[in-house]
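The values are calculated or read from the model by the stated rules, or taken from the named source; none is laboratory data. These numbers come from a predicted model, not from an experiment. Because the Cβ atoms are built from the backbone with ideal geometry, glycine has one as well, and the counts that use them run over all protein chains shown. With ligands, DNA and RNA removed, areas are computed over all heavy atoms of the protein, side chains included. Shrake-Rupley method; radii C 1.70, N 1.55, O 1.52, S 1.80 Å.
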Amino acid sequence: MANFRYFLVLVISISLAHFFHQPFPFVNGDTDLIQRTCKTTKYYDLCVSSLKSDSTSPEADTKGLAVIMVKIGMANATSTNSYLSSQLTQPKNANNKDAVMKMVLKECALKYSYAGDALKSSLQNLEDESYDYAYMNVMAAADYPNACHNAFKQNPKLVYPKELALREDSFKHICDVVMGIINALG
C-alpha cells in the first residue's frame, strides 16, 4: 500500500509539472540521451519514467532534461504545499495538540514553498549555465523537508503523517535525480 501511495504521489507530481505542456502523456524522446543521462543519477527508473513522460524531452539536451526534472520537483513541492494547506482546513478538536499540529503543518507548508522557490532559482541558474549554483539551490530545496520532519520530532506527541513521509521521499528522490543530471553537466 505504501508503494502505491508513493507511486501515486509521483504520478501526480509528474502530471502537475506537465500541466502547461502539450498533452502527450508518454513519448519516446531521445531514449539514448535520456538513458545515458539517467545513469548518472541515484534513481535511474524514476529519472527515465519522468523524462519519457514529458512531451518536450525529444528536443531536449542534457540541460533541458535537468530543466524538465526541476519543473517536476517544483510541481511536487507545490502539490505537497497544497496537501498541507488542505490539512489545515480539516475540522479538529479545540485542544492544545490540534493547535500544535496546525502550527507544525503551517511551518511545513512554508518549507515546501521555500523548496519550490529554491528550485525556481535553480532554473535561472541552469539558464545562466551556473551549474554550481543550480546544484546548491536544488540541494537546499531537498533539505527543506528535513525542517518539516524535525518540527514533528520536536513535538513528540505528534505523529509524522505517513502521507507526508511518502511525499518527502518522493521530493527528495526527484531532487537527487536533478543533482545527478547537473553533475553530468559539469
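Key figures for this structure:
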read-out: Some residue of the stretch 89-105 being out of contact with any Lys or Arg (no Cβ under 9 Å at 6 or more places or on another chain) and within 22 Å of Asp32 (Cβ to Cβ); value: no
read-out: Members of the stretch 124-141 found to be aliphatic (A, V, I, L, M) and buried (at least 17 other Cβ atoms within 10 Å of the Cβ), listed by number; value: Leu126, Ala134, Met136, Val138, Ala140, Ala141
read-out: Yes/no for Asp61 being crowded, with 21+ Cβ neighbours inside 10 Å and under 26 Å from Leu185 (Cβ atoms); value: no
read-out: Selection within the stretch 99-146 - acidic (Asp, Glu) and within 23 Å of Ser79 (Cα to Cα); value: Glu107, Asp117, Asp143
read-out: Evaluation of Ala118 against (1) free of Cβ contacts under 8 Å to residues at least 12 places away in the same chain; (2) open to solvent by less than 70 Å² (accessible area, probe 1.4 Å); (3) among the aliphatic types (A, V, I, L, M) (one fails), failing number; value: (1)
read-out: Top-ranked residue in the stretch 11-29 [being surrounded by 14 or more Cβ atoms within 10 Å (Cβ to Cβ) and either touching a Leu at 6+ places or on another chain (Cβ under 7 Å) or farther than 22 Å from Ala77 by Cα (or both); ranked as modelled with the lowest pLDDT]; value: Val27
read-out: Selection count, the stretch 149-186, where residues are polar (S, T, N, Q) and outside any loop (DSSP other than H, G, I, E, B); value: 3
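To keep it simple, each residue is scored yes or no on (1) open to solvent by 20 Å² or more (accessible area, probe 1.4 Å); (2) of a type in the set (S, T, N, Q); (3) in contact (Cβ under 8 Å) with a residue 40 or more places away in the chain.
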site	(1), (2), (3)
Thr31	yes, yes, no
Lys42	yes, no, yes
Ser50	no, yes, yes
Ser55	no, yes, no
Met74	yes, no, yes
Thr80	no, yes, yes
Ser85	yes, yes, no
